[in-house]
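Structure record follows, encoded as structure tokens.
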Amino acid sequence: MSASPSVVDSPALEARSVEKWYGEVCALAGVSLGVAKGECVALVGESGSGKTTLLRTFNRMVEPDGGEVWVGGRAARELDPIQLRRDTGYVPQDGGLMPHWDVLRNAAMVPWLLGLPEAEELAREALDQVGLPADRFGQRWPRELSGGQRQRVAIARAIAARPRIILLDEPFGALDAITRAEVRAHFAELRAELGVTSVLVTHDLHEALELSDRMAVLQHGQIEQVAPPRELIQHPATPYVAELLARAGLGNTTGGGSS
Ligand code: ADP
Ligand code: MG
């Protein structure tokens, strides 16, 4: 293998019949899913359906027990995990900021771990991109930020090393409705700006509808349907998908509703 500057020459993700077991518990029961370059795919489904597990197979935080994960046209298990982490920014469910590090240091964490000499510069740029300029916010502690600002720092940290893929695990889940709308809007702009490939885990179908190009519905570690949001709403492939949509008030009732 040649030492290329990036492992992800053609940033796209693919799960091929991926299985994952935790003892007797089957978390992923043969999942196949492709994510095209620049695309945002939302993983939706109830708690325990396997969303986080699938997300983490893409950066090798979870190693599949069966099947294969491909990143940028290469088998993930053949990629250097460090290089892979560089190319795939990750926003964990709770944001995962270091409480005793200031904002700038948090944002610089990934480039710093990667030993990039320009770590601080990259962190400053990323903080600008999420609307939290380092001059104003860099010296604050995470606890001195609002929940929405903290999540934006977590996103800044994930994009600071300029990954071509970002994996987000319910990044807006803990926020109140108004903050959430704000951070979502930021994310949508950012994605357009960076043209990054992304996988967004959410249990909020409205969020998936707003932010993703395609939605993948998981249930019991299996994919029920993958489709663009409009198509999914109009043509749910299974009774379960129809039920999930109905529960979110997105059912395909003729006549349509408002709000
Ligand atoms: P989701 O993100 O959709 O809530 P997860 O991927 O976290 O689902 O979990 C899928 C299934 O795997 C669940 O039944 C969960 O309890 C189980 N699971 C996940 N991680 C672990 C783990 N580290 N050890 C044991 N079981 C796990
Ligand atoms: Mg989860």
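The values are calculated or read from the model by the stated rules, or taken from the named source; none is laboratory data. Given the structure is predicted, the values throughout are model-derived calculations rather than measurements. Please note: Cβ atoms are built from the backbone with ideal geometry, for glycine as well, and neighbour counts cover all protein chains shown. Only protein heavy atoms, including side chains, enter the accessible area calculation; ligands, DNA and RNA are left aside. Shrake-Rupley method; radii C 1.70, N 1.55, O 1.52, S 1.80 Å.
Going by the alpha-carbon gyration tensor, a ≥ b ≥ c the square roots of its eigenvalues, is the chain rounded (a/c under 1.5) or, if a/c is not under 1.5, prolate (a/b greater than b/c) versus oblate? Note, shape of the chain comes out oblate.
With a Förster radius of 22 Å applied to the beta-carbon distance between residue 188 and residue 140, the computed FRET efficiency rounds to 0.30. Once backbone amide H atoms are built at 1.01 Å from N, residue 222 has 29 as its partners under 5 Å, excluding neighbours fewer than 5 places away on the same chain. The simple Förster model, with R0 at 41 Å and r as the Cβ-Cβ distance, assigns residue 243 and residue 36 a FRET efficiency of 0.90. Taking only protein heavy atoms and a 1.4 Å probe, the accessible area of the chain is 50% carbon and sulfur.
Taking every DSSP bridge with both residues inside region 13-247, close to 55 percent are antiparallel. Near residue 188, once Lys and Arg are set to +1 and Asp and Glu to -1 for all other residues with Cβ below 12 Å from its Cβ, the sum equals -4. Counted residue by residue at 0.36 nm each, then reduced by the alpha carbon distance between them, the extension gain from residue 113 to residue 24 reaches 28.5 nm. Each peptide in 115-125, 82-92 receives the mean, over its residues, of other Cβ atoms within 10 Å, and ordering these scores from highest gives 82-92, 115-125. Averaged over its residues, region 13-247 has an accessible area of 44 Å² per residue, based on protein heavy atoms and a 1.4 Å probe.
Descending by average beta-carbon neighbour count within 10 Å, the peptides 34-41, 101-108 line up as 101-108, 34-41, the highest first. Charge dipole of the chain (Cα centre as origin; +1 on each Lys and Arg Cβ, -1 on each Asp and Glu Cβ, all else neutral): 220 debye, rounded to the nearest 20. When you restrict to C-alpha pairs under 8 Å that are six or more residues apart and normalise by the size of the chain, the relative contact order lands at 24 percent.
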